[in-house]
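Single-structure report; data block below.
The values are calculated or read from the model by the stated rules, or taken from the named source; none is laboratory data. Values in this document were obtained by computation on a predicted structure and should not be read as measured data. Note that we place each Cβ from the backbone using ideal geometry, even for glycine, and neighbour counts take in every protein chain shown.
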């Protein structure tokens with residue numbers, strides 16, 4: 001673990017103790033959005049960096065007991081828990097049967113999940 005990452009987690013603990021839970025949750029939400037935005041920008045250049053930023057965002061949400069917004073929750077594979085981006089490492093298809101469903105296939109673990117439309 002790098003020094004920068006340790007300091008990042010240390011700052012979260014300090015913010016929780018000094019500022020209070022409500023302010024810490026607001027700061028945590030801002031950091032989560034910043035990390036996810038950076039992960040989207042870096043996904044083409046460096047997948048490992050983007051994935052680590054997305055995992056840190058998820059850890060912050062768990063640590064502060066925040067519920068991730070729906071659109072951010074859909075960016076994680078439900079089986080392998082990796083950061084997935086449509087067109088890069090997951091495939092999105094629309095079903096052609098009577099029941100319309102969106103099929104999302106993770107190309108890392110080949111898990112398929114369906115969402116009814």
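Summary of values
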{"quantity": "Selection within region 43-55 - over 16 Å from residue 86 (Cβ atoms) and surrounded by fewer than 17 Cβ atoms within 10 Å (Cβ to Cβ)", "calculated": "45, 46, 48, 49, 52, 55"}
{"quantity": "Residue 91 in the same structural domain as residue 22 (by TED's automatic domain parsing) and outside any helix (DSSP H, G or I)", "calculated": "no"}
{"quantity": "Residue check, residue 108 in a loop (DSSP other than H, G, I, E, B) and touching a helix residue (DSSP H, G or I) at 6+ places or on another chain (Cβ under 6 Å)", "calculated": "no"}
{"quantity": "Qualifying positions in region 18-32 - part of a helix (DSSP H, G or I) and out of contact with any helix residue (DSSP H, G or I) (no Cβ under 8 Å at 6 or more places or on another chain)", "calculated": "18, 21, 22, 25, 26, 29, 30"}
{"quantity": "Test set (1) outside any helix (DSSP H, G or I); (2) surrounded by 17 or more Cβ atoms within 10 Å (Cβ to Cβ); (3) in contact with a strand residue (DSSP E or B) (Cβ under 8 Å, 6 or more places away or on another chain) - residue 68 fails condition number", "calculated": "(3)"}
